[in-house]
Amino acid sequence: LSGVLSLESEDEPEYNVYSLGLSMAATNISVAFPLGAKTGIRFNGRHNYTAPIFWLNGGDEEFTVEPLSKDFNASLSHKYSQTGRIKFFGYFASDDQGVNIDLPGYTDQFDGESNSSFVNLQISDIIFSNVVVKSSLSRSFYTNEWKLGVLDLKREDEGLKSRTDFECVPGAKVKMLAGFEIENRTATYKGIIPKEDYDLREEGMGEVLNA
């Protein structure tokens, strides 16, 4: 998510929309409705799960937690003038899995999970009658955790970005594009990692990582 450069989301809906999807591996729900003539809201949520598939086809004994994921996004759009529009978009997701490790001389359990979020505020308008300007401010955040024997590591990745784009069409065959962006990104790793290569045993030697 921190690598997202630009975002194009849908405008305000013209009428109410409701959708529900259900399958052996996923459930999805979508809702969209207008709030007056110039404002609209959209919601979408999804839950992906693999437990029924492994139960039907076999193999669930290999997992302590069958892989699953959830995500949710929402957007609010408002047209404040004939040419101007402001949008807010938010996205949140998570996943989780647990796997039994059964190798000759080594038995353990791997647990992994991640969480991510992304929020974006965008304003677009026309200036000087023929210049389209789009400005946005966004924040992304991602965490990932791995646990296996002595390994207990958490990664965090955060990004802040401001971006502005200009588009001008001075003639029928000419289009001019310009823009700039400012980004600040940080990544940290914290936890315990094996001190000896390939020795992940819980009783193995570990060292603290804080970078």
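Things to note:
- The mean sequence distance of close C-alpha pairs (under 8 Å, at least 6 residues apart), as a share of the length of the range 120-165, puts its relative contact order at 36 percent.
- Residues of the range 143-181 with amide N under 19 Å of a point placed 7 Å along Cα→Cβ from R201: 148-152
- Ranked by solvent-accessible area (1.4 Å probe, protein heavy atoms only, all chains present), the residues E145, E207 order from largest to smallest as E207, E145.
- For the chain, calculated [θ]222 nm from helices alone, where every DSSP H run of n ≥ 4 adds -39500 (n - 2.57): -1000 deg cm²/dmol
- Split the accessible area of the chain by element, probe 1.4 Å, and carbon with sulfur accounts for 58%.
- Accessible area of the range 116-179 divided out per residue, in Å², using a probe of 1.4 angstrom: 58
- Relative contact order [Cα under 8 Å, 6+ residues apart], the chain, whole percent: 13
- Along the axis of the charge dipole computed for the chain (Cβ charges of +1 for Lys and Arg, -1 for Asp and Glu, origin at the Cα centre), the listed residues S124, N44, T64 are led at the positive end by S124.
- Accessible surface of D95, taken over heavy atoms with a 1.4 Å probe and every protein chain present, rounds to 50 Å².
- Take R185: with every protein chain present and a 1.4 Å probe, its accessible area is about 130 Å².
- Solvent-accessible area of M205 with every protein chain in place, 1.4 Å probe, in Å² to the nearest 10: 110
- Solvent-accessible area per residue, Å², over the range 1-106 with all protein chains present [probe radius 1.4 Å]: 63
- Spin-label model, Q109/S30: points 7 Å from Cα along the beta carbon direction are separated by 3.8 nm.
- Coordinate range of the alpha-carbon atoms in the range 115-180 per principal axis, descending: 65, 21, 14 Å.
- Relative intensity of the chain on a log10 scale, I(q)/I(0) at q = 0.09, 0.12, 0.18 Å⁻¹, equals -0.57, -0.85, -1.26, per a Debye sum over C-alpha point scatterers of equal strength in the absence of solvent.
The values are calculated or read from the model by the stated rules, or taken from the named source; none is laboratory data. Computed from a predicted structure; not experimentally measured. All Cβ positions, even for glycine, are placed from backbone atoms using ideal geometry, and neighbour counts span all protein chains on display. Heavy atoms of the whole protein, side chains included, go into the accessibility calculation; ligands, DNA and RNA do not. Shrake-Rupley method; radii C 1.70, N 1.55, O 1.52, S 1.80 Å.
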